[in-house]
Amino acid sequence: MKKYAVIIVGLIFSVAGMFAQSGSDILAEIDALVSFSGSDFSAEYTITQDRPGQGTTVTKTVMFRRDDEDKYLILIVEPSADRGKGYLKIGNNLWLYDPASRRFTVTSARDRFQNSNATNADFTRSTLADDYRVVGQSREQLGAYDTRVLELEAVTDQVAYPFMKIWVDENNLVRKVEDYSLSRQLMRTTAIPRYAAVGDRYVPTQILIIDALAGRNVNGQFRNERTIITVEKPSLNDVPDLVFTQAYLERVSE
Amino acid sequence: MKFRAAFIVLILIALVAVTVPLAAQEDVDDLFSIPDETVDEDQQAESDAETDDAVDIAALTMRDGPQIAGTFSATAAVSGGLVDWTSADFGVSAYALMDTGLSLDIRPSSYFRFFTSVSTSLNSEDLDLPMFDIGELFVDYTLADAVFFRLGRQSLSWGQGINELLGNPGNVLEDFGGSTALKAFLPLGTNGLTLLGYGNPAWYNGEISSLTPGADTLAYASLYEHSVGSVTLGVSGKYRHDTVASAEAYVKTVLSGADLVIEGRVDSNDGFSADPLGYDYLALTGLFWENSSVQLLAEYLFDASVTDGALVRSYDHRFALGLLSSTRFAGWRPGIRWFHAAEAGFTRHSGQLVLGASRGIAPRLTINIGLPISYGNESGYYMQNSDDPSGRVASLVISLTLEEDL
């Protein structure tokens, strides 16, 4: 009897080990497809913020990314009131540049991008394999896609959301994300219906973010705040080193 | 009966809470009814990593011709309230402001840029519009795509304090306004080194009448910042011969999702020439945290002066707390600021509470309502520096602002 118990326990541990391994591998594959190690990345981003009952605001930005050095620079092009403002991220730190005062402010905690439902982490390289572990898997039909649904739990407190659910298509591209708080409250839902292939990588070119908590009643119906991000001119062309410096933000700002 | 009503309300709240995310989810799932052909058509082979349809980096640093831009703003305000706490006197006042600014930006090459900005403001006492002032006039030059220079009259500030709270007291460049400067930025470490030499017209126009511009009368400053993990360290210093020497350092990191900064500064106001030497010290700690609905800002400042090792002025403490809503309520974006100063070794207390809200009421037109309330010792810092334009202790300020970018 004891012998069987040892075998069963052994089997449980080995299956769990295989499961953990495969989960980690899947996350690493997902990260690799949308990260740009070995090359720079640049694109134009348009962020449309819809606040029910308050209208929409449109922010246009230019983004340069160097994943190998964990850097990015975002320059605000529109609206005119914010033109020349910039974000320079080096490692875990983010410098915000205000051209009106010609001042840089360093921050690690400012999470919301230009008061939208997008977070600054939405513009950095995907680090699911480093930040999360898979704690559950299932299959689900998501519109036209047969997806794997992975339930993730954070392994670090440096992430914005401690729990996530991601829907991954047959090409290992994330199609839908649900972000949860520590108390398992749904905070955000993100949909990525469109990707563009750039070289052997993929760039999400259409992203919809729905804030599960923020919104208001319009004509008797609750409408959530939502952000639509469209990405144009994605490229892996080399970007000069100077672009990833404070001096560059000063040079190009108004 | 009361229990039953409460139960029904709870059920309704629960239903709304459950249906809202569900509605959003169905909405999202509809986006995937048509497959993404971009990926399915196996465009990997067709797509080229080195593409011509990329962001034009040169276009950001070069322009075909000069670019002229401008801003205009006009504000009309009325305020009224209690003049002081000891009497029942009420005062009412009104004021108007009008400012306009123009800028000219010429970028003939990727390494050279000329920029100037001028501005003027309505003088509310005689309704005169004075001649435009030159705010900035500088050229940028980038050497070998690596070292950046800015020469001319320019704006600049360092320090980690929040202007809207305790006014960024760690900024060693508080005397920089209106200066003509040569600034150089060299990439070094994770961020870079900034070197600065500058002269302020105020130094030569009257402060010391015999002073003439020269290498020995300019001020020199530098700033170096470096990041290790989620910790950023910065050191800055300034020296002006026989006048002032300042040193500042800060450490900034993130703790439980909040930005935390500790900054220290020391000034020798006689540039090491006085005997005995006198020093001013200050320490600032600050915190910034935000979630989807609110921003929380807090600062604490300690400052003291020491001459020849003796405390000649009692030390002061100042606290500030700000709460700003990220969301709007019926179109209004509310905020609250609270300041408190404990001066002269906790013997002189004063403070100010400011409740405010703003909303757009028409294109480019914003209404702002503020309720500043000051309290404490008559000679206290916040009783002497009230947000009320006429120094009232409690007032209601309503302003209307028209702003447009030209």
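For chain A, the fraction of alpha-carbon pairs lying more than 21 Å apart is 63 percent, rounded to a whole number. Mean sequence separation of contacting Cα pairs (under 8 Å, at least six apart), scaled by the length of chain A, corresponds to a relative contact order of 21 percent.
Using the Cβ-Cβ distance between B:ASP53 and B:ARG359 with R0 set to 35 Å, the FRET efficiency works out to roughly 0.25.
What whole-number distance in Å separates the alpha-carbon centres of region B:247-262 and region A:52-100? Spelled out, the Cα-based centre of one part sits 22 Å from the other. Quick note on region B:177-235: its Rg to Rh ratio, both from C-alpha atoms and Rh being the Kirkwood radius, is 1.17. Equivalent ellipsoid of region B:87-182: semi-axes from √(5λ) of the C-alpha gyration tensor, largest first, are 36, 21, 10 Å.
Each peptide in B:242-249, B:82-89, A:79-86 receives the mean, over its residues, of other Cβ atoms within 10 Å, and ordering these scores from highest gives B:242-249, A:79-86, B:82-89. Normalising the average separation of contacting C-alpha pairs (under 8 angstrom, six or more residues apart) by the number of residues puts the relative contact order of region A:24-91 at 24 percent. Could you work out how far the C-alpha centroid of region B:380-406 sits from that of region B:82-131, in angstrom? Here the answer is 15 Å between Cα centres. Distance from the alpha carbon centroid of region B:133-190 to that of region A:142-220 works out to 41 angstrom. Its relative contact order, with pairs defined as Cα atoms under 8 Å and 6+ residues apart, puts region A:64-178 at 12 percent. For region A:205-248, taking the reciprocal of the average inverse distance between every pair of different Cα atoms yields a Kirkwood hydrodynamic radius of 14.1 Å.
The sum of -39500 (n - 2.57) across all DSSP H runs of n ≥ 4, divided by the residue count of the protein assembly as shown, sets its helix-only mean residue ellipticity at 222 nm to -4000 deg cm²/dmol. For B:THR120, the shell of other residues with beta-carbons less than 11 Å away shows a net charge of -3, using +1 for Lys and Arg and -1 for Asp and Glu.
When the Gaussian network model of chain A links Cα atoms closer than 10 Å, the mean-square fluctuations of A:MET63, A:MET164, A:MET187 top out at A:MET187. Spin-label pair B:ALA88-A:GLN221: with each label point 7 Å from Cα along the Cα-Cβ axis, the two points sit 5.6 nm from one another.
Taking all C-alpha pairs of region B:323-399, those more than 19 Å from each other amount to 45 percent.
What is the calculated FRET efficiency for B:ILE336 to B:ASP133, with r their C-beta to C-beta distance and R₀ = 30 Å, to the nearest 0.05? FRET efficiency, B:ILE336 to B:ASP133: 0.30. Counting only other chain Cβ atoms within 10 Å of each residue's Cβ, the peptide A:89-96 averages 5. Between rounded, prolate and oblate, where does region A:40-99 land on the alpha carbon gyration tensor, with a ≥ b ≥ c its root eigenvalues, rounded for a/c under 1.5, else prolate if a/b exceeds b/c? Judged from the Cα gyration tensor, region A:40-99 comes out prolate (a/c at least 1.5, a/b above b/c). Shielding value for A:34-43 is 1, the average number of Cβ atoms from other chains within 10 Å of each residue's Cβ. Where does region A:129-254 land on Rg(C-alpha)/(2.2 N^0.38 Å)? For region A:129-254, the normalised Cα radius of gyration comes out at 1.30. Built from the Cα atoms of the protein assembly as shown, the convex hull projects on average onto 41.3 nm², one quarter of its surface area.
With respect to chain A, whose longest principal axis is taken over its alpha-carbon atoms, helix A:2-34 is tilted by about 20°.
Per residue of A:202-212, other chain Cβ atoms within 10 Å of the residue Cβ number 3 on average.
Read the figures in this text as sums done on the coordinates, not as results from a lab. Because the structure is predicted, anything quoted here is derived from the model rather than measured. Methodologically, a virtual Cβ is constructed for each residue, glycine included, from the backbone with ideal geometry; neighbour enumeration extends over all protein chains shown.
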